[in-house]
1. If I stretch the segment between F437 and E295 completely, what's the gain in nm (0.36 nm per residue apart, minus their alpha carbon distance), one decimal?
2. I want to check the label-to-label distance for K550 and N199. Put each point 7 Å from Cα in the C-beta direction and report it in nm to one decimal.
3. Students often forget the sequence filter, so: which aspartates and glutamates lie under 16 Å Cα-Cα from K37 once same-chain residues fewer than 8 apart are removed?
4. Give me the number: length gained by fully extending T532 to E418, i.e. 0.36 nm times residue separation minus the C-alpha to C-alpha distance, one decimal in nm.
5. Could you size up the charge dipole of the stretch 145-222 around its Cα centre, putting +1 on the beta carbon of Lys and Arg and -1 on that of Asp and Glu, and report it in debye to the nearest 20?
6. If you average the C-alpha positions of the stretch 164-203 and of the stretch 479-503 separately, how far apart do those two centres end up, in angstrom?
7. For the stretch 145-222, divide the Cα radius of gyration by the Kirkwood radius and give the resulting Rg/Rh value with two decimals.
8. Using the C-alpha gyration tensor of the stretch 157-272, what are the square roots of 5 times its eigenvalues, in whole angstrom, with the largest one first?
Amino acid sequence: MKNKILISIIVIVLFVLTILTSSFVLLTNIQHINDTKEELKNFNSIIFQLKSIDKEKLDNIKINGISVRLTFINTNGDVLYDTEENNLTNNINTKEIQEALETGNGYAIRYNESTNTNLIYYATKIDDTIIRSSVPVNMIKMFQSENIKYYVCILIGVIISSIALSLKLVKMIIQPVKDLESITGKMAGGDYRIRVNVNTNDELGNLGNSFNNMANQLQMKINELVEKQTKIESILRSMESGVIAVDNNDVIISINPYAEKIFGIKKNIIGENLIDYITDYDINNFLKEEEIDKEIKILHPIERNLKIKKAIIVNGIEKIGKVITIQDITDLKKFELMRTQFVANVSHELKTPLTSIKGFAETLRDVEQDPTRGKFLDIINKEAERLTRLINDILVLSHIESHLVSQSDEFLPGVIIEDVINMIKKIAYNKEIKLEFEDHNQEFILGDKDKFFQLVLNLIENGIKYSESGACVKVLSYDKCGYYYLEVSDNGIGIPEEDLPRIFERFYRVDKSRKQGGTGLGLAIVKHIVKTFNGDINVESELGEGTTFKVEIKYL
C-alpha cells in the first residue's frame, strides 16, 4: 500500500507538471500569434500611409528580425505586386482576402509548401487595393534543446521533493492503518480487550473510534453468546431426553450425552454423518419422512422403546437443518402393559361373583315374600347389570389396548351397520326415536368386523341414549377421495364446548349425561377401535342442538 500511494503521488505530480507546461506553451503561442497579427495590421496601415515608398525597398522590411512578405492585390484577387514571387495565381478564394473584402480586415494561418513553413497572413482593404503581409510563425516548443538541462534539473527537484513529502504523508496514513491491522490480528486471536490508541480527530481518528466501538459491541455480543451457549450446553447435558441437531445433509451439529447413551456412542461425532452411527432402519426412514413424531423400538445397543420427534431449524426463511428429540418410554410401556393386564385380571376375577349375585337376585324374585324385598331385589339386579356392563367395557378396552392380534377381513361397512340397526331398532322404537340410514359406499374396508360392529353400536346407542323422545338419529356411510366416512348424527341434548376435548377419555362423563347411567368407557372404546383401523374420529356438537360423530378410515 505504501508503494502504491508513493507511485500515485509521483504520477499525479508529473501529470500536473505536464499539463501546466503544455498549457503555458499553448497560451504563449496564442499570445505570440495575436501579437504578430497586431504588428502585421499596423504594418499594413504604415505601408498605406507611405504611398511614395519605393517598392524595391519593401524587400528589406522586417519584423522582429523576420522578413515580411508583402503582397498587393486588387479586389478581383489578382496579385499586383509580391515581394517574394512573380506570376502568382489569383487569391480571391483565400480566407484572409474574403474576410478583407467583407469586413476590411482578415487573417489566416496556413502552411506554405514553397517555404515549407507555417505563415500568418493579414490582409487590409484600403480603397480598391488589398495590402496583405505575412511572416513565418515560429511556434514555441515545449522542449527546446538549449532548455533541456533546465527541464531535467527542475524535474529531478520536483521528484525528490514529491518523494520526501509523499513519504511523510504515507507514514501519517499508513502507521495508524498498520496499528489497526496489528490490533485486528490480536482480536482475531482471541484478545477482545485490546483497543486502538486514537491521537487525531481526522478520518483516521474516526476510524479508530469506530473500531473501538465495534470491538466493545463485539466483546459484549461474544460474552452473551458464550453465556447462552454455556446455558444451552448445561441444559442439554442435564436433560433426561436425547437431543440431536443435524444440517440438511444429516451431518451432526450437536448431540447431548443422553442421546449418546441411548445409541451407545462413546466418542465425539460432531461433524460426522448421523446415519453412520445410528443404523436403525426405522429411525433412518423417519429422518427422511414428513412425519414429525413416531414411536420406534430399537434393538441396539439394548432393546428400547423410543418416542422420537423432529422439528425444522430455520434461519430466516432458509431451512438449515433439523433437531431431533428422543424420549425413552421403555419403562412407560412396561407400566402401561402392567396396568392393562391388572385391569383385565381384576375385571375377570370380579365377573364371577357378580354373576352369582345376579343369579341369586333373580331366584329371590320368584319367591312370594314381602313386596319390599322385591323392590330391593330389583335394585340389586339393576346394579349387578350395571356392574356387569362396566366390567365388560373394561375387558373390551383392555383387550384393545393390549394390541392383541385381531382378525382382519375385507367387509362392506353398510352390511355391519344394517345388522346394528336391526338389533337396536327395538330400543329406538320404545323411546320413540327414528333411525335413518343412508349408504353411499360400495368399497370394502380391512379390519375386525366385530370391532367395527361394536364401534357402530356404541355410537348409535349414544345417539339414542342422549336424545329425547321424538328425536331422529341419522347414520350416513360414504366414501370420498380414498377415505371411508361414517357419520352418526342426533338432535339430542348435545355436549358443552368445554367438554368436547375430553369426551374420549376413560370414565369421563358429561354432567348432563350422568343420569343416563353410562359407564364412561363407550367413547374410549370407540376411539381405540378407530385407531385399530388406522383412522380418526372427530365430533361436532352444540348444546341443545345435537351431536355428530365422524369416523374417517383410509382404504388400504
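1. Answer, rounded to one decimal: 47.3 nm.
2. About 8.1 nm, to one decimal.
3. E96, E99
4. 38.9 nm
5. So the magnitude is around 240 debye.
6. 76 Å
7. Radius of gyration over Kirkwood radius for the stretch 145-222 works out to 1.35.
8. The three semi-axes for the stretch 157-272 are 52, 17, 10 Å.
Each value in this text was obtained by applying a stated rule to the coordinates, not by laboratory testing. All figures in this text were calculated on a predicted structure; none of them were measured in a lab. Positions of Cβ are backbone-derived with ideal geometry, glycine not excepted, and every protein chain shown enters the neighbour counts.
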